[in-house]
Amino acid sequence: MSIFDHFGKDERPFVERALEMLTLVERKQAMRLTDFLDPRQVMIFQSLASQVQDVSVSTHGGYDGAERVRVILHPDYMSVEQDDYRLALLHVQADQRFHVLEHRDVMGAVLNVGMKREKFGDMLTDNDGCYAIVAEEVADFVCAQVTQIHRTSVQFERKAWEEFSPPAPRFTEKTITVPSPRLDAIIGEVHNMSRAKALVPIRGGKVKVNWKVIEDPSQSLQAGDMVSMAGFGRFKVLEVAGPTRSGRIRMIVGLVT
């Protein structure tokens, strides 16, 4: 069985690049720094590390529990310092009296100036604005280029890590009932669409569960699963609360804001 058989077809290009990077570190005995990766991509690196000898996979996203992180591949005997990850912390200042900034607002503005998603880690919003963790090499460009989000004037400025206290994740909770914990049924209820319509993005490879593309509409979801659908954002299954009197399953989901 090939190592590639353990991953989806859509993941093969990433798996090939990851294995190439690991092999290069093993051969040259030097550190390599990646762009920001999601948890699924990190898992791929960690699982592929068994294919090489004495190479470690270290991660950091700016704070404990970060979702998106940069990875340093390095020989086991080399130590890694926090500065090696080349992370910058930006604070977005904005008047939110008339429009509260959401994650997708900030991300959309950043992408619109030509930045790649891989250069950005977590974006955390609160009532005082938004924190964006970015690759050091793009921080100055973002500060200079992103000055407006929708009709709201904004200012990105660097902040010291010592001043950073990560805000808690923001969810808009929604209670749904479904006949079964199938992916298509849950997406239909969360996004107010029929099951038939929910099948289209799933079969089209537009839906990820825990950062992995899932094309099987019968995939069962459980508490803790993170689901994203292109154009609709993300939600997390917060709780499976048990059956209703009619036998349907009650769930609480959190829409990421």
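For the reader, a short list of remarks on this structure follows.
- Among strands (runs of 3 or more DSSP E) entirely within region 25-85, having at least 1 residues that are in contact (Cβ under 8 Å) with a residue 40 or more places away in the chain singles out 32-37, 69-75.
- The set of residues from region 167-191 being modelled with pLDDT of 90 or more, assigned to a strand (DSSP E or B), under 16 Å from residue 255 (Cα atoms) and open to solvent by 20 Å² or more (accessible area, probe 1.4 Å) comprises 173, 174, 175, 177.
- Flag for residue 254 being small (Gly, Ala, Ser), touching a residue at least 40 places away in the same chain (Cβ under 8 Å) and outside any loop (DSSP other than H, G, I, E, B): yes
- Subset tally (residues that are surrounded by 12 or more Cβ atoms within 10 Å (Cβ to Cβ) and either within 13 Å of residue 74 (Cα to Cα) or without any contact (Cβ under 8 Å) to a residue 24 or more places away in the chain (or both)) for region 1-15: 1
- Within region 83-111, being modelled with pLDDT of 85 or more and open to solvent by 30 Å² or more (accessible area, probe 1.4 Å) holds for 83, 84, 86, 111.
- Summed over region 155-166, residues that are exposed (fewer than 14 other Cβ atoms within 10 Å of the Cβ), in a loop (DSSP other than H, G, I, E, B) and at pLDDT below 90 total 1.
- If you go through region 126-154 and keep only what is farther than 18 Å from residue 85 by Cβ, loosely packed, with under 14 Cβ neighbours inside 10 Å and at pLDDT 90 or above, you end up with just 144.
- Scanning region 192-220 for residues that are touching an Asp or Glu at 6+ places or on another chain (Cβ under 7 Å), part of a loop (DSSP other than H, G, I, E, B) and hydrophobic (A, V, I, L, M, F, W, C) yields a single hit, 211.
- Remark: pairs (first residue in region 194-208, farther than 15 Å from residue 219 by Cβ; second residue assigned to a helix (DSSP H, G or I) and open to solvent by less than 20 Å² (accessible area, probe 1.4 Å); Cβ separation under 9 Å; 6+ apart in sequence or on different chains) = 194/188; 196/184; 196/188; 197/188.
- Of the residues making up region 221-248, those that are open to solvent by 70 Å² or more (accessible area, probe 1.4 Å) and among the small types (Gly, Ala, Ser) are 231, 246.
- Given (1) at pLDDT 90 or above; (2) on the phi < 0 side of the Ramachandran plot, index of the condition residue 245 fails: (1)
- Residue 24 vs. criteria touching a strand residue (DSSP E or B) at 6+ places or on another chain (Cβ under 9 Å) and at pLDDT 95 or above: yes
- Qualifying residue in region 63-82 (condition: open to solvent by 50 Å² or more (accessible area, probe 1.4 Å), on the phi > 0 side of the Ramachandran plot and at pLDDT 95 or above): no
The values are calculated or read from the model by the stated rules, or taken from the named source; none is laboratory data. Everything numeric in this text was worked out from a predicted model, so none of it was measured. Positions of Cβ are generated from backbone atoms using ideal geometry, with glycine treated the same way; all protein chains shown enter the neighbour counts. With ligands, DNA and RNA removed, areas are computed over all heavy atoms of the protein, side chains included. Shrake-Rupley method; radii C 1.70, N 1.55, O 1.52, S 1.80 Å.
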